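Step one of this worksheet: look at the structure below.
The values are calculated or read from the model by the stated rules, or taken from the named source; none is laboratory data. Everything numeric here is computed off the predicted structure, so don't read it as measured data. For neighbour counting, all protein chains shown are included, and Cβ atoms are generated from backbone atoms with ideal geometry for every residue, glycine included. These area figures cover heavy atoms from the full protein model, side chains too; ligands, DNA and RNA do not enter into them. Shrake-Rupley method; radii C 1.70, N 1.55, O 1.52, S 1.80 Å.
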Protein chains: 2
Amino acid sequence: MTEAAHPAAAPAPRSSSVPMTLVVALGGNAMLRRSDDGTIETQLARSDEAMAHIARLVGTGAHVAVTHGNGPVVGNIVIRNEAARELVTPMPLYIAGADSEGGLGFMLQLSLANALWMRGDESPVVTLVTETVVSADDPAFERPTKPIGPYYTDEQADALRASEPAWSFTSVPGSGWRRVVASPKPLRIVQAPVIGRLLATGTVTIAAGGGGVPVCEAADGQLHGIDAVIDKDWASAMLATQIEADALVILMESDRVYAGWGTPGQRAIEHLTAQGAGDLLESGALEEGSIGPKVAASAWFAATTGRHAVMCRVEDLDDALAGRAGTRIG
Amino acid sequence: MTEAAHPAAAPAPRSSSVPMTLVVALGGNAMLRRSDDGTIETQLARSDEAMAHIARLVGTGAHVAVTHGNGPVVGNIVIRNEAARELVTPMPLYIAGADSEGGLGFMLQLSLANALWMRGDESPVVTLVTETVVSADDPAFERPTKPIGPYYTDEQADALRASEPAWSFTSVPGSGWRRVVASPKPLRIVQAPVIGRLLATGTVTIAAGGGGVPVCEAADGQLHGIDAVIDKDWASAMLATQIEADALVILMESDRVYAGWGTPGQRAIEHLTAQGAGDLLESGALEEGSIGPKVAASAWFAATTGRHAVMCRVEDLDDALAGRAGTRIG
């Protein structure tokens with residue numbers, strides 16, 4: 001970008017204190033929501049919107065790793081694989097995941113570098129295709145629960161049971177069948193050491209997209225891809241732990257974590273200890289679905305590292321890091 | 001990979017002299033050939049085979065950036081997009097390219113890290129999703145020539161002309177129509193500075209897959225994706241120039257460059273100056289198709305940097321770098 005006249009008069013001021021290292025986890029719907037038309041223009045507009053906030057954070061001098069979900073996007077890649085099954089040999093789910101790290105990483109790095117550039121900040125932005133080690137013995141593999149890809153008729157499901165004997169299916173009343181895969185816990189982010197070094201030199205790094213490509217370690221130490229879905233908040237917590245991040249930030253659609261959501265006793269939570277978060281999870285007072293794993297991953301990070309996690313909306317990022325918004329855990 | 005017992009007794013010896021920095025360009029068919037069954041097992045076997053040679057090169061202490069084509073793979077992604085057009089909004093070609101950087105980068109980094117590990121070498125391996133700047137005024141955009149994706153019937157082509165007004169098509173006698181896109185010259189690899197720093201710290205870096213995702217610079221300096229196909233050898237030559245690599249290595253299926261291939265006067269070429277390579281290209285003595293651009297990109301690198309390029313088979317890598325195989329240009 002050296003050729004164009006720079007829009008900002010001078011580089012954005014950087015903090016002179018030791019920079020904070022942060023892992024910021026974006027939801028999969030930061031780029032594509034189920035209700036969207038799905039065009040590239042809409043996806044890029046959403047990416048631009050989210051990355052404008054990240055650019056502001058980078059402008060404070062923070063060293064930032066951005067992680068993200070891939071929910072709807074990897075689902076679409078799988079649907080395309082299945083639709084073209086007779087034309088082109090389909091790829092396994094873990095390759096679809098790797099593909100999504102490329103496509104989504106490109107969009108996010110483009111949006112973020114543009115947002116930084118317009119602020120007069122030439123911090124480099126890169127995306128690393130990230131692998132996440134899971135255990136082949138993870139109990140999740142015994143009972144796969146995460147639906148992925150298209151709905152199948154009885155006939156299609158029977159044909160797939162024959163051609164893909166390793167696949168599991170779940171019946172969806174009224175809609176046929178869907179493939180289900182395991183969601184094992186991440187043990188280690190393979191590229192974490194490089195990510196840590198990149199951050200230390202001021203390179204904004206997008207990593208662990210979709211939780212990273214799941215890989216298992218063979219007896220000889222070699223790694224191999226495996227079909228699974230890794231929770232991106234748990235992968236982000238693992239990355240933040242490995243690179244010794246000062247804080248883990250998990251972005252969400254809700255302004256804070258709520259206990260008893262939708263009940264008369266509903267209350268917003270500003271702060272929880274790691275222990276308190278664990279108790280709250282056990283009490284059943286938290287919405288199941290997406291908030292539960294976010295709180296659990298945050299509490300694990302806080303308990304493991306003694307540092308804290310922040311859960312907030314992307315537009316509240318600054319306020320939440322200053323303790324004026326969101327929910328702090330730890 | 002710290003948990004497993006390490007198969008090699010001691011780390012591979014490293015050269016004590018200043019390490020060579022090399023950009024090594026793999027053909028798109030290093031992972032998938034038109035004649036292959038296209039399964040992930042075949043692609044990974046090919047990737048393992050190529051990366052075993054790269055691992056040996058890394059073992060000499062060289063700092064290596066691996067670039068690669070994406071020919072058949074991105075074509076398959078486009079075919080899947082088109083086959084599922086009624087089910088899922090198709091993505092533009094540049095997103096298919098970014099997807100292929102993720103999927104192929106994952107395969108290559110997995111194979112290479114495994115090969116290094118089995119040699120007792122724990123050098124980290126990463127893949128960077130790479131953008132390549134091209135000019136929107138490149139004359140290539142006026143006359144797109146590179147066919148991409150599926151064949152269309154007359155009716156399908158007419159429908160696409162209406163829904164995708166920016167697309168160009170070429171008639172393929174007997175097979176219908178195919179979309180054609182431009183192949184503009186790379187001006188700059190956006191992530192080159194970070195790639196250079198990664199290499200300097202001993203991180204093997206896979207980059208510029210498929211020539212990189214094509215982006216154009218707007219008047220305000222922001223970058224935007226554009227549908228095009230960038231020659232991976234030219235992108236590799238640009239990357240090697242930007243990071244001041246000691247040499248550019250372009251891998252090919254032929255053992256050397258041949259003048260007058262298939263004629264009675266056919267002769268293998270061991271060495272050409274940049275000027276000599278230019279003259280040979282102009283004389284028409286080189287096979288058109290894939291060898292021409294490889295020689296042209298090599299000659300450009302040699303002329304621009306005063307360094308040299310090597311064109312050889314992957315299995316001749318060591319011998320070619322020692323001047324005992326392949327064709328040296330510059």
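If you go through segment B:108-121 and keep only what is touching a strand residue (DSSP E or B) at 6+ places or on another chain (Cβ under 9 Å) and facing another protein chain (nearest Cβ under 8 Å), you end up with B:GLN109, B:LEU110, B:ALA113, B:ASN114, B:TRP117. Test A:ALA159 against the stated conditions and say whether it is small (Gly, Ala, Ser) and over 16 Å from the mean Cα position of the chain (by Cα). It is true that A:ALA159 is small (Gly, Ala, Ser) and over 16 Å from the mean Cα position of the chain (by Cα). Note on segment B:146-170: residues that are open to solvent by 60 Å² or more (accessible area, probe 1.4 Å), without any contact (Cβ under 8 Å) to a residue 60 or more places away in the chain and touching a strand residue (DSSP E or B) at 6+ places or on another chain (Cβ under 6 Å) amount to 3. Inside segment A:89-115, residues that are aromatic (Phe, Trp, Tyr) and over 15 Å from B:LEU108 (Cα atoms) make up a count of 1. Does A:THR42 fit the bill of being open to solvent by 20 Å² or more (accessible area, probe 1.4 Å) and hydroxyl-bearing (Ser, Thr, Tyr)? Here the answer is yes, as A:THR42 does meet what is asked.
Restricting attention to segment A:171-181, report how many residues are open to solvent by less than 40 Å² (accessible area, probe 1.4 Å) and not hydrophobic (A, V, I, L, M, F, W, C). The total comes to 2. Considering segment A:76-99, the residues that are closer than 17 Å to B:MET31 by Cβ and without any contact (Cβ under 8 Å) to a residue 12 or more places away in the chain include one that is least open to solvent (accessible area, probe 1.4 Å), namely A:VAL88. Restricting B:GLY265, B:GLY221, B:GLY260, B:GLY225 to those that are among the small types (Gly, Ala, Ser) and closer than 14 Å to B:THR130 by Cα reduces the list to B:GLY225.
A quick yes/no check of all residues on (1) in contact (Cβ under 8 Å) with a residue 60 or more places away in the chain; (2) under 15 Å from A:LEU22 (Cα atoms); (3) not in a loop (DSSP other than H, G, I, E, B):
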position	(1), (2), (3)
A:GLY276	no, no, yes
A:ASP279	no, no, yes
A:GLY289	no, no, no
A:GLY292	no, no, yes
A:ALA299	no, no, yes
A:ALA303	no, no, yes
A:VAL310	yes, yes, yes
A:ASP316	yes, no, yes
A:ARG324	no, no, no
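So, B:ALA320, is that one open to solvent by less than 10 Å² (accessible area, probe 1.4 Å) and at pLDDT 95 or above or not? Here the answer is yes, as B:ALA320 does meet what is asked. The criterion of being polar (S, T, N, Q) and touching a strand residue (DSSP E or B) at 6+ places or on another chain (Cβ under 6 Å) holds for A:SER175.
Could we say that B:SER35 is open to solvent by 10 Å² or more (accessible area, probe 1.4 Å) and farther than 26 Å from A:THR89 by Cα here? Considered against the rule, which asks whether it is open to solvent by 10 Å² or more (accessible area, probe 1.4 Å) and farther than 26 Å from A:THR89 by Cα, B:SER35 comes out as no.
Report yes if some residue within segment B:274-286 is within 26 Å of B:THR60 (Cα to Cα) and not hydroxyl-bearing (Ser, Thr, Tyr); otherwise report no. Within segment B:274-286 (the criterion being within 26 Å of B:THR60 (Cα to Cα) and not hydroxyl-bearing (Ser, Thr, Tyr)), the answer is no, since none of the residues qualifies. Within segment A:182-239, the residues that satisfy the criterion of being buried (at least 22 other Cβ atoms within 10 Å of the Cβ), polar (S, T, N, Q) and more than 8 Å from every other protein chain (Cβ to nearest Cβ) are A:THR205, A:SER236.
Determine, yes or no, whether B:ASP121 is of a type in the set (Asp, Glu), open to solvent by less than 20 Å² (accessible area, probe 1.4 Å) and farther than 25 Å from B:ALA237 by Cα. In short, yes. Does B:LEU251 qualify as being of a type in the set (A, V, I, L, M, F, W, C), away from chain A (no Cβ under 14 Å) and in contact with a Leu (Cβ under 6 Å, 6 or more places away or on another chain)? Yes; evaluated as a whole, the condition is true for this residue. With respect to the conditions (1) within 14 Å of another protein chain (Cβ to nearest Cβ); (2) modelled with pLDDT of 95 or more; (3) not in a loop (DSSP other than H, G, I, E, B), A:ARG179 falls short on a single one, namely (1).
Counting just the residues of segment B:244-274 that are assigned to a strand (DSSP E or B) and without any contact (Cβ under 8 Å) to a residue 60 or more places away in the chain, which one comes out most open to solvent (accessible area, probe 1.4 Å)? By that ranking, first place goes to B:ARG267.
Can you give me the number of residues within segment B:281-290 that are modelled with pLDDT of 90 or more and either open to solvent by 70 Å² or more (accessible area, probe 1.4 Å) or closer than 19 Å to B:ALA320 by Cβ (or both)? Of the residues in segment B:281-290, 2 are modelled with pLDDT of 90 or more and either open to solvent by 70 Å² or more (accessible area, probe 1.4 Å) or closer than 19 Å to B:ALA320 by Cβ (or both).
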